[in-house]
Amino acid sequence: MPDRQDVHSLRKLLTEHRQEHLLAFWPQLNPDQRADLLAQIQELDLAAANEWIATLVKGQPEAPLQHDFEPAKSYSPLPVNDDLRRKYREAINLGESLISQGKVAALTVAGGQGTRLGFDGPKGNFPVSPIKNKTLFRIFAETIAAVSERYRAVCPWYIMTSPLNHQQTVDIFKTDNYCGLNPRNVFIFQQGTLPNFGFDGRILLADKDQIARSPDGHGGCIRALARSGALADMKKHGVEYLSYWQVDNPLVRLFDPLFVGLHVLDGAQVSSKAVIKNGPKEKVGNFCLVDGKVTVIEYSDLSDELAEKRQPDGSLAFQLGSIAIHIINTGFVERLNTKGHSLPLHRAVKKIPHIDSEGNRVEPKQPNGVKLESFIFDAIPLADRSIILDIDRSEQFAPVKNAMGEDSAEVTRRMMIERAATWLESAGVKVPRKADGSPDCVLEIAPSFALDRADVAAKKDKVPPIKPGDTVYLA
Ligand code: UTP
């Protein structure tokens, strides 16, 4: 039970920071609610909040880029000369060896709110596969199990949640028996949150005893890995590299030996996969070199002139789009934490439900405030070295972001079927196609059947003949 003195000094402090309204409903709260609210207020970094209010909430949107920059360079999906052929072979061998030794772990960021998809519950529980309706979590779990079997290695999986979905995520894994994985190798940890602000700089109240807060962005994983004990767990198990991806991409190639190997051969600390952008204004970050460092510049920050700029062969000058697939060294995460580095915060103007000064609930129809978050790609320029591997989008990137249209589940399912069709065709299997070229059948390849084209080729004899209109599940 907070004593009078505590409350008095806190009220004074809040008044100095123009946040005294956080105690407006104090007389109406019961002792438990008071203790809870007090703990939330004590956790606030009010000095930092003042800075955020000045620069991000009330301040002008982030300043335009001051530095000179140029397009970043990447490794191509396939080697283009003998030197690279040798290097790719060496990288694959090295990557396979590191995975076999258990030095590589999976890291999924799954703490987001998934507002655009509008799905009830953690996004990882969204059913997405074309025939079996497997959830994103299940697809990843089956992939990890298949990788683990292929390399006869423990492949630990670290999953970042947020207070919004942590318990639900844990419950899903328990109910689904960890999708067949050993629970000891699945580490679910929570990211931090940051307070939400009204445009006037006041911290919003979600309820009379609750400060409105939201997850601190996927960049929050750097700090959360250390704070949650995940990093210590990795160290204990000898994990040196993290295969990082976002929960919404079921096509992702986890534990990619080529990617891991190139990253390690080149002595990088954070590396990235990229796609060739499908147009000058595609809404993905752009890989650039700023002062010699690989840096992601958001699409909204790239001028039209640079976005449209072409190379002599007609391709875009800034053509490498960021898809949030990385290899990150655990030593680098540790270094960022010991240096007390936190990644820069960005503002997102949002509709934030809250209570007003009378205690009435407000569900805003228009954006009414600012949420703050950090982005994982801001860690890239902090690395001494970073490489980029450009990959074929249709093979590895189909995020489920929206309920309809672009990046919707329907598009993702179509891409999953198309990828299965091309894997089968490259193994010599006849896949019926419609006049428009799309597969005239529904296909789903379980990770236990194949992790890549080569696996399909090796199991070609197990594939039944496929007729128009068939539904074929390979497991
Ligand atoms: P998105 O930027 O797509 O955000 O996150 P979101 O919250 O999932 O969806 P919207 O924008 O509300 O519709 C990309 C990835 O980063 C994770 C998400 O779970 C997703 O895997 N993420 C995002 C976090 O883990 N924490 C966050 O605070 C934000």
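The values are calculated or read from the model by the stated rules, or taken from the named source; none is laboratory data. Note that the coordinates shown come from a computational prediction; the quantities given were computed from them, not determined experimentally. Cβ atoms come from the backbone with ideal geometry, glycine included; neighbour counts cover every protein chain shown. SASA here: full protein model, heavy atoms, side chains in, ligands and nucleic acids out. Shrake-Rupley method; radii C 1.70, N 1.55, O 1.52, S 1.80 Å.
When the range 114-153 is filtered for residues that are farther than 23 Å from Ile328 by Cβ, out of contact with any helix residue (DSSP H, G or I) (no Cβ under 7 Å at 6 or more places or on another chain) and within 13 Å of the ligand (Cβ to nearest atom), the ones remaining, listed by number, are Thr115, Arg116, Gly118, Phe119.
For the range 216-237, filtered to residues that are more than 14 Å from the ligand (Cβ to nearest atom) and open to solvent by less than 30 Å² (accessible area, probe 1.4 Å), the residue that is nearest to the chain's Cα centre (by Cα) is Leu231. The set of residues in the range 426-441 being outside any loop (DSSP other than H, G, I, E, B) and touching a Lys or Arg at 6+ places or on another chain (Cβ under 9 Å) consists of Ser426, Pro439.
Taken as a whole, the condition of being out of contact with any strand residue (DSSP E or B) (no Cβ under 8 Å at 6 or more places or on another chain) and either away from the ligand (no atom under 16 Å from the Cβ) or open to solvent by less than 30 Å² (accessible area, probe 1.4 Å) (or both) does not apply to Leu204.
Considering the range 24-65, and only residues there that are under 25 Å from Ser300 (Cβ atoms) and open to solvent by less than 70 Å² (accessible area, probe 1.4 Å), the residue that is modelled with the lowest pLDDT turns out to be Gly59. Would it be correct to say that Lys401 is open to solvent by 20 Å² or more (accessible area, probe 1.4 Å), out of contact with any Leu (no Cβ under 6 Å at 6 or more places or on another chain) and without any contact (Cβ under 8 Å) to a residue 40 or more places away in the chain? The answer is no for Lys401.
Quick check, is Gly321 more than 30 Å from Tyr75 (Cα to Cα) and touching a residue at least 12 places away in the same chain (Cβ under 8 Å)? No: the conditions fail for Gly321.
Restrict the check to the range 413-436 and report whether at least one residue is touching a Leu at 6+ places or on another chain (Cβ under 9 Å), of a type in the set (Lys, Arg) and under 30 Å from Leu117 (Cα atoms). Looking for residues that are touching a Leu at 6+ places or on another chain (Cβ under 9 Å), of a type in the set (Lys, Arg) and under 30 Å from Leu117 (Cα atoms), one finds at least one in the range 413-436, hence yes.
Count of the range 406-465 residues, restricted to those that are on the phi > 0 side of the Ramachandran plot and open to solvent by 40 Å² or more (accessible area, probe 1.4 Å), is 2.
Yes/no matrix, rows are residues, columns are (1) surrounded by 17 or more Cβ atoms within 10 Å (Cβ to Cβ); (2) more than 22 Å from Trp52 (Cα to Cα); (3) touching a Ser or Thr at 6+ places or on another chain (Cβ under 7 Å):
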| position | (1), (2), (3) |
| --- | --- |
| Ser271 | yes, yes, yes |
| Lys277 | yes, yes, no |
| Asp291 | no, yes, no |
| Val294 | yes, yes, yes |
| Ile297 | yes, no, no |
| Ser300 | no, no, no |
| Ser322 | yes, yes, yes |
| Gly359 | no, yes, no |
| Val370 | yes, no, no |
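One residue stands out in the range 147-168 among those that are more than 17 Å from Lys103 (Cα to Cα) and in a helix (DSSP H, G or I): the one that is most open to solvent (accessible area, probe 1.4 Å), namely Gln167. Candidates in the range 242-261 are the residues that are charged (D, E, K, R) and crowded, with 24+ Cβ neighbours inside 10 Å; of these, the one that is nearest to the ligand (Cβ to nearest atom) is Asp248.
Pairs meeting the criteria (first residue in the range 214-238 and within 20 Å of Val154 (Cβ to Cβ) and in contact (Cβ under 8 Å) with a residue 12 or more places away in the chain, second residue more than 16 Å from the ligand (Cβ to nearest atom) and in a helix (DSSP H, G or I), beta carbons under 6 Å, at least 6 apart or on different chains) are Leu225/Leu231; Met234/Thr330.
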